[in-house]
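**Q** Have a look at this one before I ask anything.
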Amino acid sequence: MKEKGTFEMIYDVVMEIPKGYVASYGQIAELAGNRRWARVVGYALHANPKPGVIPCHRVVTKDGKVSRAFAFGGENRQVELLKEEGVVFCEDRVDMKKCQWSKRRF
């Protein structure tokens with residue numbers, strides 16, 4: 001059996017984030033196997049091979065900021081997608097207290 005690559009592990013975790021919730025880059029990195037992969041998570045999401053299937057719009061910074069370089073329509077599109085799913089914003093950031101997905105690693 002072939003071992004999964006880093007991007008595949010990241011995509012698997014991102015696929016678990018339910019509608020109406022977000023996760024931070026660092027959170028995804030840790031759940032994918034290495035808490036130091038936060039930048040790698042960004043690279044993986046930018047190269048998302050299945051936009052619309054892998055919900056990369058649900059990944060934000062630890063303080064709730066959306067990506068200015070969102071690869072699939074820009075930051076305004078990311079905000080739009082999140083709001084359509086019921087994600088709550090305070091000013092220009094996701095309300096992480098209300099909308100951060102919580103999953104234990106084990």
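The values are calculated or read from the model by the stated rules, or taken from the named source; none is laboratory data. Please read all numbers here as calculations on a predicted model, not as lab measurements. Quick reminder, even Gly has a Cβ in these numbers, built from the backbone with ideal geometry, and neighbours come from all protein chains shown.
**Q** Name every residue in segment 86-106 that is among the charged types (D, E, K, R) and part of a loop (DSSP other than H, G, I, E, B), in order of residue number.
**A** Result: 91, 92, 95, 103, 104, 105.
**Q** Can you tell me which residues in segment 1-39 are assigned to a loop (DSSP other than H, G, I, E, B) and among the charged types (D, E, K, R)?
**A** Matches in segment 1-39: 2, 3, 4, 16, 19, 35, 36.
**Q** Would you please name the residue that is farthest from residue 20 (Cα to Cα), looking only at residues in segment 79-92 that are surrounded by 14 or more Cβ atoms within 10 Å (Cβ to Cβ) and touching a strand residue (DSSP E or B) at 6+ places or on another chain (Cβ under 8 Å)?
**A** The extreme case among them is 79.
**Q** If residue 69 satisfies all but one of (1) hydrophobic (A, V, I, L, M, F, W, C); (2) modelled with pLDDT of 95 or more; (3) surrounded by fewer than 19 Cβ atoms within 10 Å (Cβ to Cβ), what's the number of the condition it fails?
**A** (2)
**Q** Sticking with this structure for a sec: In the set 83, 62, which member is closer than 17 Å to residue 31 by Cβ, among the charged types (D, E, K, R) and not in a strand (DSSP E or B)?
**A** Of the residues listed, the single one that is closer than 17 Å to residue 31 by Cβ, among the charged types (D, E, K, R) and not in a strand (DSSP E or B) is 62.
**Q** Go through segment 1-54 and report how many residues are surrounded by 13 or more Cβ atoms within 10 Å (Cβ to Cβ), among the β-branched types (Val, Ile, Thr), over 20 Å from residue 93 (Cβ atoms) and out of contact with any Lys or Arg (no Cβ under 9 Å at 6 or more places or on another chain).
**A** So the answer is 4.
**Q** Same structure again: Find all pairs meeting these conditions: Cβ atoms under 9 angstrom apart; at least six residues apart or on different chains; first residue within segment 42-59 and within 22 Å of residue 99 (Cα to Cα); second residue of a type in the set (D, E, K, R) and assigned to a helix (DSSP H, G or I).
**A** The qualifying pairs are 57/77; 57/80.
**Q** Only one of these conditions is not met by residue 64: (1) surrounded by 13 or more Cβ atoms within 10 Å (Cβ to Cβ); (2) farther than 15 Å from residue 101 by Cβ. Which number is it?
**A** Going through the list (1) surrounded by 13 or more Cβ atoms within 10 Å (Cβ to Cβ); (2) farther than 15 Å from residue 101 by Cβ, residue 64 breaks only (2).
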